[in-house]
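Report on the following structure.
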Amino acid sequence: MEHKNKHTWKTRLHEIIYEADTPAGKLFDVILLIAILASIIFVMLESVSSIDAKYHTILNVGEWIITILFTVEYIVRIITVNKPLKYITSFYGIIDLLSTIPKYLSFFFVGSQALITLRALRLLRVFRILKLARYLGASNQLKDSIIASRVKILVFLFAVLVSSVIFGTIMYLVEGEENGFSNIPKSVYWCIVTLTTVGFGDIAPQTALGQFITTIIMILGYGIIAVPTGIVSAEYARSVNKSAKNEEEKELNSPYKAQQAVHTNSQCCINCLAQKHQDDAVFCHKCGCKLHHD
């Protein structure tokens with residue numbers, strides 16, 4: 001009986017902590033996310049000197065309360081799984097540990113409590129809570145598109161880097177030290193910042209020729225934003241079309257679909273399974289094979 005009771009409470013805790021589909025599990029995960037956000041806010045406020053000077057004790061106590069709660073949660077997670085080592089070495093297990101120990105490390109290393117912001121990584125659990133995992137397929141397609149575009153993007157970035165060196169050197173020769181372009185590396189840095197449309201406020205071209213070149217650089221900057229986006233977008237569209245085509249081929253090549261099509265549609269080509277023939281058609285409009293008529 002005692003063994004059964006232990007098994008019951010352990011199963012119940014496991015259901016609450018690990019199962020997001022149950023009401024208790026959803027409530028636990030929501031409370032967990034609120035605690036994570038609160039702990040991050042505490043650390044951020046503590047980094048503001050004026051706020052820390054006034055509310056240091058409150059913020060410190062709040063951090064310790066949340067840290068103790070996370071410690072208890074981490075221990076319970078280990079207890080309620082059949083393979084504790086697997087959880088400890090898993091991605092979420094490592095994140096849970098890293099988000100718990102920074103406050104304890106503050107006893108030995110001053111300022112290490114700032115690492116509590118690592119708890120933001122625990123917000124990844126929102127994918128499980130809000131059931132967003134089904135959208136990861138789209139993110140994988142985007143990742144594959146970026147990987148497929150890596151050569152084109154690297155060539156483009158190399159061209160941008162070479163252009164920055166050339167334009168930076170030209171600006172150094174045109175403007176000179178008297179206008180702030182004291183050396184070529186600084187001029188190249190100015191060119192990169194200008195080309196990426198960020199802006200470099202410390203120095204600015206003063207000569208008419210320098211301002212003309214700067215105008216060209218700024219216009220090219222818009223191209224820098226558009227080109228990589230276009231490359232990745234084209235690969236993404238190609239990936240989506242390929243996936244859709246593969247799904248369509250799988251459906252057409254399905255033996256069940258083929259059999260169903262042959263037996264239910266007299267105007268379906270037996271050879272290529274093409275449909276939508278005219279009522280009086282004798283041959284397939286796609287492969288030329290003679291149509292089967294009952």
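Bear in mind that the values in this text are calculations on the coordinates, not laboratory data. Bear in mind that the values here come from a model prediction, so they are computed numbers and not experimental data. Reconstructed Cβ throughout: ideal geometry from the backbone, glycine too, with neighbour counts over all protein chains shown.
Label separation (Ile65 vs Arg150): 4.8 nm, computed from points 7 Å beyond Cα along the C-beta direction.
Each residue, Val165 and Ala226, gets one label point 7 Å from its Cα in the Cβ direction; the gap between the two is 2.7 nm. Taking other Cβ atoms within 10 Å as a rough exposure proxy, Arg238, Arg77 sort from fewest to most as Arg238, Arg77. Counted residue by residue at 0.36 nm each, then reduced by the alpha carbon distance between them, the extension gain from Leu27 to Val72 reaches 14.5 nm.
Each of Leu85, Leu33 has some number of other Cβ atoms within 10 Å of its Cβ, and from fewest to most they run Leu85, Leu33.
Extension gain, Asn241-Ile41: 0.36 nm per intervening residue step, less the Cα-Cα distance, totals 67.6 nm. Spin-label model, Leu173 to His56: label points 7 Å out along the Cα-to-beta-carbon direction sit 5.9 nm apart. Our estimate of slack between Cys289 and Thr11, defined as 0.36 nm per intervening residue step minus the Cα-Cα distance, is 93.8 nm. Note on Leu97/Thr196: beta-carbon distance plugged into 1/(1 + (r/R0)^6) with R0 of 35 Å gives a FRET efficiency of 0.35. With respect to the cross-link table entries Lys86/Lys242; Lys26/Lys86; Lys152/Lys242; Lys54/Lys103; Lys26/Lys83, which display a Cα-Cα separation exceeding 27 Å? As for pairs spanning more than 27 Å Cα to Cα, those are Lys86/Lys242. As a proxy for reagent exposure, Phe108, Phe283, Phe156 were ordered by neighbouring Cβ count within 10 angstrom, fewest first; the result is Phe108, Phe283, Phe156. With coordinates expressed along the principal axes, the C-alpha atoms belonging to region 145-241 extend over 56, 19, 19 Å, beginning with the largest. Between Thr215 and Ser90, what FRET efficiency comes out of the Förster formula 1/(1 + (r/R0)^6) with R0 = 41 Å and r the beta carbon distance, rounded to 0.05? Once rounded, the FRET efficiency stands at 0.15.
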